[in-house]
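This report refers to the structure that appears directly beneath it.
The values are calculated or read from the model by the stated rules, or taken from the named source; none is laboratory data. Owing to the predicted nature of the structure, the values given are computational and were not obtained by experimental measurement. Here Cβ is always computed from backbone atoms with ideal geometry, including for glycine, and neighbour counts include all displayed protein chains.
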Amino acid sequence: MFQTFKEWFWLERFWLPPTIKWSDLEDHDGLVFAKPSHLYMTIPYAFGLLIIRHFFEKFIALPLAKTLGIKEKVRKIIPNTILENFFKHSARQPSQTDIYGLAKKCNLTERQVERWFRSRRNQERPCRIKKFQEACWRFAFYLMITVAGIVFLYDKPWVYDLLEVWNGYPRQPLLPSQYWYYILEMSFYWSLVFSLGSDVKRKDFLAHVIHHLAAISLMSFSWCANYIRSGTLVMIVHDVADIWLESAKMFSYARWRQTCNILFFIFSAVFFISRLIIFPFWILYCTLILPMHYLEPFFSYIFLNLQLMVLQILHLYWSYFILKMLIRCMFLKDMQDVRSDNEDEEEEEEEEEEEENIKGKEKDSLKNGLGANRTLIPNGQHGH
């Protein structure tokens, strides 16, 4: 049964144009072609990247975070059995009616109950250092792979004429640089999938899962069908914008607002140019529209372009958030990552409350001191 399924799955009419056979992709005369078996190595390499990531975050990202002034905040709350039970078994964010009832039970003010629940929620959220470490790791990888991609693709004919992707198909042998570019990129995305459970979750978590799986599917399919040329172009177009996004996040977590805003504006420009102009009107146009003039549609051609269109839909989805952030930055002077939940707002509100409490205590001490002085000065005068 397995052998029957294997023969059906690899039918030439699914994967290849009518005039091409799998025998055309067999190694010969020292030329090596892409093979599905090459992709097995992406899984162990992904775990290797997770190990490298662990040491990178510990010995590079963490010291860098401390250098930029990011402190690991330890959130302490006053233990309260009634509130803790409600938090665990009823609701993490109680309604106003619940807050009123809990305040009566605990002999606290409603404001104190609200503050306790906010502190308790923040206690379970990842701190800014963890977010910084994740962004720093992604920035380092995207920077490395983008530089490598530019070196690999520099002065290649299909970069300037995408018709070469199809005109030479599929008789182009595999280059060592293409092999490592593909394998490292796929291994990285597998590592992101494996770390989804431990990474910081955001509102676009589902979009990230779809994006990672679509990227892996697209790279795997283009590799097996020998669409190496189009695959490398799609990868470089995506990586070139992500560098600026991750660097903007790093400085955002460090509270370097102006630097973050500048980097985000650069990211926005690169994103819109690369993913809303170059990708659809150059790459997708040349892989979907132009081949129709001289190539009869076949399964792999349709499947490849369907995956590219899924990516384009995700580009439009993220463009909405980017525009939202740009508007917020320009008109509200606030560059918060709108993809996040309101955890940052709660953290900042909690910090502001702490500052207000400290200031309030300082004012009280000043008043008390001034009151004492007012008492002492007349007494001193009476002494004279």
Worksheet entry | Qualifying positions in region 1-33 - in a strand (DSSP E or B) and either touching a Phe, Trp or Tyr at 6+ places or on another chain (Cβ under 7 Å) or at pLDDT below 80 (or both) | His28
Response to the item:
So the helices (runs of 4 or more DSSP H) completely within region 43-134 holding 2 or more residues that are of a type in the set (Val, Ile, Thr) and farther than 20 Å from Arg202 by Cβ are 81-89, 96-106
Worksheet, complete the sentence: Being more than 30 Å from Leu184 (Cβ to Cβ) and in contact (Cβ under 8 Å) with a residue 12 or more places away in the chain narrows Arg53, Arg111, Arg120, Arg138 down to just Arg120
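Per-residue answers, yes or no, for (1) buried (at least 21 other Cβ atoms within 10 Å of the Cβ); (2) more than 13 Å from the chain's Cα centre (by Cα); (3) outside any helix (DSSP H, G or I):
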position	(1), (2), (3)
Lys203	no, no, yes
His212	no, no, no
Leu218	yes, yes, no
Ser222	yes, yes, no
Gly231	yes, yes, no
Leu245	yes, no, no
Arg255	no, yes, yes
Leu263	yes, yes, no
Worksheet item: Quick check, is Asp239 under 14 Å from the mean Cα position of the chain (by Cα) and either among the hydroxyl-bearing types (Ser, Thr, Tyr) or buried (at least 21 other Cβ atoms within 10 Å of the Cβ) (or both)?
Response: yes
Practice prompt. Hey, could you check region 299-335 for residues that are of a type in the set (S, T, N, Q) and touching a Ser or Thr at 6+ places or on another chain (Cβ under 8 Å) and say which is modelled with the highest pLDDT?
Written response: Asn305
Response to the item:
Reported set for region 53-96 where residues are among the aliphatic types (A, V, I, L, M) and surrounded by 14 or more Cβ atoms within 10 Å (Cβ to Cβ) is Ile60, Ala61, Leu62, Leu64, Ala65, Leu68, Ile70, Ile77, Leu83
